[in-house]
């Protein structure tokens with residue numbers, strides 16, 4: 001019934017959910033602002049197939065689900081603690097169209113329908129294999145987005161993507177926020193995240 | 001008919017529309033990445049009333065409309081060229097639930113229904129008057145978001161908002177992107193934008 | 001004897017001393033990169049008088065001393081722990097021409113010679129009084145530099161300085177560094193610092 | 001005579017010289033703030049040998065010379081226009097101990113004394129060859145600093161340096177400044193620069 005979904009709409013926003021609302025470990029989550037940029041770069045439309053590879057806490061899948069009520073989202077994760085986080089979060093936000101896929105990418109991707117969009121939030125050391133698998137399965141005009149927080153991942157992901165015929169853009173996102181509710185408002189920086197967007201061919 | 005809306009869904013994303021797709025002047029538009037952060041901070045839910053004050057090219061209203069098919073969005077603008085841009089953009093993206101309000105804020109706000117959310121992209125020199133008007137009309141648990149690109153607006157908006165009982169957070173958003181399709185990938189910075197989020201009371 | 005000074009030259013650089021080399025508390029120190037920008041903004045020449053107001057650990061005074069062997073530097077500090085840090089650091093770096101001034105600004109400034117350059121690293125809640133005192137004493141063509149880490153200090157310092165006839169520039173400095181010696185190189189952000197530079201008159 | 005040097009000290013600072021004071025093309029110069037960070041990372045002491053490879057407008061050499069009156073600085077450049085800029089700038093700032101070396105690196109480095117410090121501002125497409133040459137000549141406890149504005153140079157320089165046994169740190173420097181003398185103070189971003197610092201061995 002649609003009513004089981006509605007109540008949360010009065011509590012949580014479609015995108016921009018507070019990081020604290022997710023069950024997660026602090027280092028794991030794609031933070032609110034970077035999540036918004038990531039969803040924008042994913043160029044979502046309502047009825048697409050999205051793979052969320054290395055789903056972590058599931059926050060990207062959950063907000064993508066809010067944007068694509070008719071989409072099909074596959075959250076792929078192998079880590080036991082992350083799987084527990086994702087299950088709790090999917091329940092909390094009564095997310096209906098995210099399927100949790102337990103297993104290691106790229107193997108766990110075999111069973112999934114071909115994707116229109118792929119978000120790679122973590123690769124478990126198999127970045128190139130995942131990109132090869134994505135390259136073979138991505139639908140025409142598909143979009144791949146990857147978040148890198150290390151120089152190594154930034155370097156390798158751009159290299160692998162371009163080696164496999166993708167055109168890439170890397171956006172370095174730096175956010176500093178004033179802390180609320182202190183006497184003074186100190187700017188606190190988040191670590192920068194490189195949001196890499198890839199499409200096939202020259203554009 | 002719903003079909004008249006559907007075709008564009010195959011061309012444009014819900015959020016993250018390329019800046020180049022909007023009729024606008026370069027300096028005017030809230031850029032793709034900052035627009036995404038702004039929408040996240042606005043904490044949108046499907047059926048809300050949003051005022052977009054100083055709508056510019058209408059890009060925030062248009063993407064907010066994609067997120068809130070049952071919402072009511074009011075794009076308030078006084079500048080003739082901007083009004084022309086907004087009209088073209090609303091048509092291009094077949095946006096159904098954005099009402100264009102010609103006139104100067106805060107006066108032009110009188111006729112509108114009370115807002116759940118307010119985005120202030122421009123104030124035409126009437127920032128304090130607009131904040132006073134918003135303060136008197138904003139629904140309980142409402143959210144105000146304001147984008148500042150100058151030190152003066154950053155300073156004054158936080159001061160005025162706090163003077164009127166709002167709790168504020170200022171997020172400085174710095175984006176640098178590699179330019180696509182050149183032999184080498186040079187990082188090009190966008191000017192920083194301060195995205196200020198305000199709620200009533202202490203949180 | 002000059003030889004007592006020389007040995008350290010083989011151990012420490014003139015500017016860019018590692019933060020870890022200073023006795024300090026972590027939150028207190030002007031970090032290496034921001035210190036370098038601060039010294040550049042101070043427009044130092046060899047024989048000037050520099051006031052370092054709210055000297056903290058003394059790191060700015062010490063590097064300024066390396067740049068101005070014939071200058072006279074006054075490190076003004078009232079906090080007991082900071083005074084202890086500064087004494088240790090002046091000794092460690094065998095800094096010859098920094099005079100430690102114990103006391104609270106602006107009162108402690110009365111006895112000092114008129115400054116060519118003033119760095120305000122901390123104001124102990126007396127920012128406007130300090131700016132008034134500096135305004136009355138600064139030599140023609142003098143330069144004032146102030147580091148702000150809070151929105152409040154950014155706002156007030158620019159306001160006070162301009163109220164007293166200074167022209168200001170605010171530079172937001174964002175630094176993110178890869179951590180050395182880990183298997184991967186993660187970018188870690190420092191909190192942004194606003195380095196405000198002020199001169200008399202319109203330039 | 002020392003007097004021929006002295007007058008400029010009353011006009012120009014030791015570091016932090018305004019970018020506009022240098023003869024240069026806009027895109028070429030290491031900007032004031034990044035130059036200061038670069039000099040800090042170079043860990044300069046008074047009597048060192050510094051190679052400035054791809055000296056551009058000579059701004060780093062000139063400020064390094066102000067820090068190292070007893071040092072020996074070699075500005076290596078092959079581009080005819082840059083050579084003209086450097087000559088004019090060395091004259092303007094009456095820089096005494098910078099030797100201009102016309103030619104292409106790494107070949108042009110053969111004749112120079114072994115360096116304590118190396119700054120690579122440009123590589124003319126010979127980055128790996130230059131790093132190999134530097135690796136063979138750098139004195140023990142030497143420091144190499146390299147500025148990268150493209151993802152390609154960031155990636156390759158860290159890779160090559162680590163391949164040759166250097167430990168590296170990459171600092172992303174983002175600066176946004178308010179423009180002076182306008183009615184309002186808009187923050188304008190500079191493009192980010194990656195300042196890479198390398199030393200031999202594990203530290």
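Structure notes:
- Share antiparallel - DSSP beta bridges, region C:2-200, percent rounded to 5: 50
- Alpha carbon centroid spacing (whole Å) that separates region D:43-120 from region C:111-134: 38
- Counting from the shortest, the label point at residue D:11, 7 Å from Cα toward Cβ, is 4.1, 6.0, 7.1 nm from the same position in each remaining copy.
- Shielding of peptide D:144-152 by partners, expressed as the average count of other chain Cβ atoms within 10 Å per residue Cβ, is 4.
- Placing a label point 7 Å from Cα along the Cα-to-Cβ axis, residue A:162 is separated from the same position in the other copies by 1.8, 4.3, 4.6 nm, shortest listed first.
- Annotation for residue D:27, label-to-label distances across the other copies: 2.4, 4.1, 4.6 nm (shortest first, one decimal, point 7 Å from Cα along Cα→Cβ).
- DSSP bridge analysis restricted to the protein assembly as shown gives an antiparallel fraction near 55%, rounded to the nearest 5.
- Partner chain coverage, peptide D:14-20 - average Cβ within 10 angstrom: 5
- Under a Gaussian network description of chain C, with springs only between Cα atoms under 10 Å, the residue in C:36, C:189, C:80 that fluctuates furthest is C:189.
Bear in mind these aren't lab numbers, they're just calculated from the coordinates by the rules spelled out. These figures come from a predicted structure and were not determined experimentally. Cβ: placed from backbone, ideal geometry, glycine included. Neighbour counts: every protein chain shown.
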